[in-house]
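One structure is given below, encoded as structure tokens.
Derivation of every value follows stated rules applied to the coordinates shown; laboratory data play no part. No experiment lies behind these values; they were computed from the predicted model shown. A quick note on method: Cβ atoms are made from the backbone with ideal geometry, for glycine too, and the neighbour counts reach across all protein chains shown.
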Amino acid sequence: MADRILNIGFIGNGKGTNRYHAPFSLARPQKFRIKTIQARHLGGPWAQIPNVEYTTDMAAMLADPAIDVVEISTPIPTHYELTKAALEAGKHVVCDKAFVGTVAEAEEIFALAKSKGVTVQCYQNRRFDSDYLTARKVTESGKLGKVFEIVTHYDYWRPEFVEMAKNGTYDQLLGIVYGHSCHCVDQLIDWLGIPDRWHAEARQIYGDGRPDVYFDFDLYYDELGIKATAAANYACAIQRPSFEVYGDMGTFVKVEKDQQERDLKKFYLPVGHDDFGLDTPEQWGTVRWYDDEWHMHEERVETVRSTYSLFYDTLYETVANGAPQLVKPEETITQLRIMEDAMRDLQ
């Protein structure tokens with residue numbers, strides 16, 4: 001399979017496929033081709049991609065021997081059954097966050113993939129967020145000294161979700177924990193590894209029976225001496241910094257999150273736009289540190305340039321050349337354990 005273009009079949013034709021997946025595989029035409037997009041209902045607001053077959057027949061797509069990878073970009077409650085179906089068809093699978101609903105389902109999925117001789121992984125494109133990569137770069141520079149705390153926020157001001165939360169019913173797969181904590185928790189696991197222990201809190205701020213709109217997870221890395229916190233809520237009129245890194249010799253703070261999502265929401269896509277996802281100097285973070293003689297230094301830190309197409313580069317190496325997959329099963333299972341703990345007392 002090496003050195004050939006891989007064919008992708010998408011299940012789902014909504015925002016996930018058209019905003020967060022397709023533009024970044026299309027940016028790697030020497031590695032990937034979108035062959036088929038399947039959805040229960042075709043049409044909708046998204047323009048059809050040229051030279052792609054659109055179908056409502058999922059069985060026919062899964063039976064197509066030309067398709068190498070199936071990407072599932074549908075609502076979370078459908079992930080388990082659709083992932084199983086694609087694996088049973090012998091396809092490599094990439095499933096959107098938050099993968100599936102429970103640890104037990106994830107363990108079953110990973111065992112099925114192993115028995116079929118294919119790979120399955122969660123689409124953790126946020127490992128290629130520029131703010132995250134910049135925070136890591138500053139930390140690795142040594143300027144901060146011994147790092148003891150990392151804090152990341154994923155706040156939103158979403159009045160429409162708040163109104164829904166006031167009146168809607170509780171579904172653990174449709175709140176902020178399964179919808180968004182999976183982004184920043186995965187970044188911390190990717191950066192620091194599997195935590196030794198954690199404390200995970202989710203809140204239904206509008207009362208029992210309402211959707212969760214708040215989470216605060218503390219991950220503890222005892223050997224490293226680091227506490228890493230991921231927190232967010234949907235009722236945050238002033239968003240907290242995207243990343244804060246504290247060391248005994250300095251601090252790094254970046255307020256703005258990755259620019260890629262803001263560009264995508266304006267349909268400003270990576271193909272044809274050389275400045276896609278590029279931070280302006282006003283969006284850069286700030287590092288303040290002290291040298292060995294306790295002289296203070298401060299500077300703006302140019303944001304690391306990144307693209308979610310890097311996920312597809314790793315996917316190609318896995319499927320075409322047998323490289324280890326980017327997102328390991330144990331990382332996804334740990335994240336689900338943390339989320340399950342957070343939801344345990346909600347009702």
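Annotations
- Set of aspartates and glutamates with alpha-carbon distance to Lys91 below 19 Å, sequence-local pairs under 8 removed: Asp3, Glu53, Asp57, Asp64, Asp68, Glu71, Glu81, Glu105, Glu107, Glu108, Asp313, Glu317
- Crossing angle, helix 103-116 versus the chain [Cα axis fit, 0-90 degrees, rounded to tens]: 50
- Net dipole in debye of the stretch 201-262 [+1 Lys, Arg Cβ; -1 Asp, Glu Cβ; about Cα centre; nearest 20]: 340
- Think of the chain as having a plus end and a minus end, set by charges on the Cβ of Lys, Arg, Asp and Glu; of Ile5, Tyr268, Tyr290, Ile5 sits farthest toward the positive end of this dipole.
- Between the stretch 68-100 and the stretch 291-347, the alpha-carbon center distance in angstrom: 21
- C-alpha long axis of helix 329-343 to longest principal axis of the chain, angle in °: 70
- Dipole-positive endmost among Ile189, Asn167, Gly209 within the stretch 126-214 (Cβ charges, Cα centre): Ile189
- Length released on extending from Glu88 to Tyr290, taking residue separation times 0.36 nm less the Cα-Cα span: 67.0 nm
- What the Kirkwood sum gives for the stretch 1-146 is a hydrodynamic radius of 16.5 Å, with every pair of different alpha carbons counted.
- Summed side-chain charge close to Arg210 - residues other than Arg210 whose Cβ falls under 13 Å, Lys, Arg +1, Asp, Glu -1: -2
- Charging the Cβ of each Asp and Glu at -1 and of each Lys and Arg at +1, and nothing else, the dipole of the stretch 90-234 about its Cα centre rounds to 420 debye.
- Rounded, prolate or oblate (a/c below 1.5 giving rounded, otherwise prolate when a/b exceeds b/c) for the stretch 265-347 by Cα gyration tensor: oblate
- Cβ-based exposure ranking for Met343, Met296, in which fewest neighbours within 10 Å come first: Met296, Met343
- Dipole magnitude for the stretch 280-322: about 280 debye, using +1 per Lys or Arg Cβ and -1 per Asp or Glu Cβ, origin at the Cα centre.
- The Kirkwood radius of the stretch 132-288, taken over pairs of alpha-carbon atoms, gives through the Stokes-Einstein law at 20 °C and 1.002 mPa s a diffusion coefficient of 126 µm² s⁻¹.
- Fewest-first ranking of Glu81, Glu298, using other Cβ atoms within 10 Å as the exposure measure: Glu298, Glu81
- Exposure proxy shown here: for His297, His180, the number of other Cβ atoms within 10 Å sets the order, fewest to most, as His297, His180.
- Of all lysines in the structure, the ones whose alpha carbon falls short of 30 Å from that of Lys257, not counting any fewer than 8 places away in one chain, are Lys15, Lys31, Lys97, Lys137, Lys143, Lys146, Lys166, Lys227, Lys265, Lys266, Lys328.
- Prolate/oblate/rounded label for the stretch 5-85 (Cα gyration tensor, a/c 1.5): rounded
- Full-extension gain in nm, Ala323 to Ala237, via 0.36 nm per residue minus C-alpha separation: 26.6 nm
- Per residue convex hull volume, Cα atoms of the chain, in Å³: 148
- Comparing mean-square fluctuations of Phe243, Phe276, Phe267 from a GNM of the chain with C-alpha springs under 10 Å, the top value falls on Phe267.
- The chain: most fluctuating residue of Asp292, Asp274, Asp96 per GNM, C-alpha cutoff 10 Å: Asp292
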